[in-house]
Amino acid sequence: GDASELPRVEASEPGPFPLGSSEDVLIQGFYWYDATPSQEVVWRLVAKHLEQRALDVLRKERGLAYSPSAQIVRRGGGGMLELRVKTDGRADEAAAWFDEEVSALRSSSKPMSHMAAAVDPVRNALLDDSLRIALATIREEPAPESLLSKLDDVAVAKTLEALLVDRRSFGTASPQSNLWSILILALFGACLLYTSPS
């Protein structure tokens, strides 16, 4: 039969939210409600790019990342990009790196060149994903690989400007230790005792 019309989300979007802590792990990402197939392919490029950069910068240059992995999950018109990096107690440093990488993508006038190393791995993954190809056929969408071939800097920059924004972000970074939190609480408690009437 004909492809069913998916309901659009009318509710306002929540802001950034934490996922809860997981010891020594950076978990960061973005979600979306109503992305087009082309935008989904851009997300796949961003995910692979972040995974590659985590390997090159966090693991090889700084020696703080282990087995970084990024994945895309699509549910109808919505979905989620998640980057997960085991950091051996340096998740706060990895979180700062993540912010820098996202800022570089947002500000790049040539994002396709910026993510050039991710294009072939994403193309190969799309060609090998028979389930995704079948879904595109059922939904009467263009093949994801053909959408990747049509992307240019202008289209990608426009997509990143619309979707790679703070209100669509989530994540957590486990701090190296709770020492600073304990010190702040101790100082706060001392101030309360000192200022309380006797």
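List, please: which pairs have Cβ atoms under 9 Å, are six or more places apart or on different chains, and start with a residue in segment 76-88 that is closer than 20 Å to Ala134 by Cα and end with one that is part of a strand (DSSP E or B)?
Gly77/Trp32; Gly78/Tyr31; Gly78/Trp32; Gly79/Tyr31; Gly79/Trp32; Gly79/Ile72; Gly79/Val73
Tell me which residues, restricted to segment 23-62, are in contact with a strand residue (DSSP E or B) (Cβ under 8 Å, 6 or more places away or on another chain), small (Gly, Ala, Ser) and within 24 Å of Ala143 (Cβ to Cβ).
Of everything in segment 23-62, those that are in contact with a strand residue (DSSP E or B) (Cβ under 8 Å, 6 or more places away or on another chain), small (Gly, Ala, Ser) and within 24 Å of Ala143 (Cβ to Cβ) turn out to be Ala35, Ala47.
Name the single residue that is most open to solvent (accessible area, probe 1.4 Å) among those in segment 82-92 being of a type outside the set (Lys, Arg) and not in a strand (DSSP E or B). Reasoning before the result, please.
The first filter runs over segment 82-92 and keeps only residues of a type outside the set (Lys, Arg), leaving 82-83, 85, 87-89, 91-92.
Those left that are additionally not in a strand (DSSP E or B): 87-89, 91-92.
Values: Thr87: 0, Asp88: 97, Gly89: 8, Ala91: 0, Asp92: 81 Å².
Here the answer is Asp88.
Considering only residues that are under 18 Å from Asp88 (Cβ atoms) and at pLDDT 85 or above, look in segment 61-76 and name the one that is most open to solvent (accessible area, probe 1.4 Å).
Glu61
Can you find, within segment 112-132, the residue that is surrounded by the fewest Cβ atoms within 10 Å (Cβ to Cβ) among those that are in contact (Cβ under 8 Å) with a residue 12 or more places away in the chain and of a type in the set (Gly, Ala, Ser)?
Selected residue: Ser113.
When the residues of segment 62-87 are narrowed to those that are under 12 Å from Ile27 (Cα atoms) and among the basic types (Lys, Arg), which ends up farthest from the chain's Cα centre (by Cα)?
Lys86
Could you pull out the residue among Leu105, Leu64 that is among the hydrophobic types (A, V, I, L, M, F, W, C) and outside any helix (DSSP H, G or I)?
Residue meeting the stated conditions: Leu64.
Rundown of residues vs (1) open to solvent by less than 30 Å² (accessible area, probe 1.4 Å); (2) within 17 Å of Ala125 (Cα to Cα); (3) not small (Gly, Ala, Ser), yes/no style:
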position	(1), (2), (3)
Glu40	yes, yes, yes
Val46	yes, yes, yes
Gln52	no, yes, yes
Leu55	no, no, yes
Arg59	no, no, yes
Met80	no, no, yes
Ala94	yes, no, no
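Kindly check whether there is at least one residue in segment 88-110 that is over 23 Å from Ser146 (Cα atoms), basic (Lys, Arg) and at pLDDT below 85.
Yes, the conditions are met somewhere in segment 88-110.
The values are calculated or read from the model by the stated rules, or taken from the named source; none is laboratory data. Here the structure is a predicted model, which means the values were calculated and not measured. Every residue, glycine among them, receives a Cβ derived from its backbone with ideal geometry; neighbour counts consider all protein chains shown. For accessibility, only protein heavy atoms count, side chains too; no ligands or nucleic acids. Shrake-Rupley method; radii C 1.70, N 1.55, O 1.52, S 1.80 Å.
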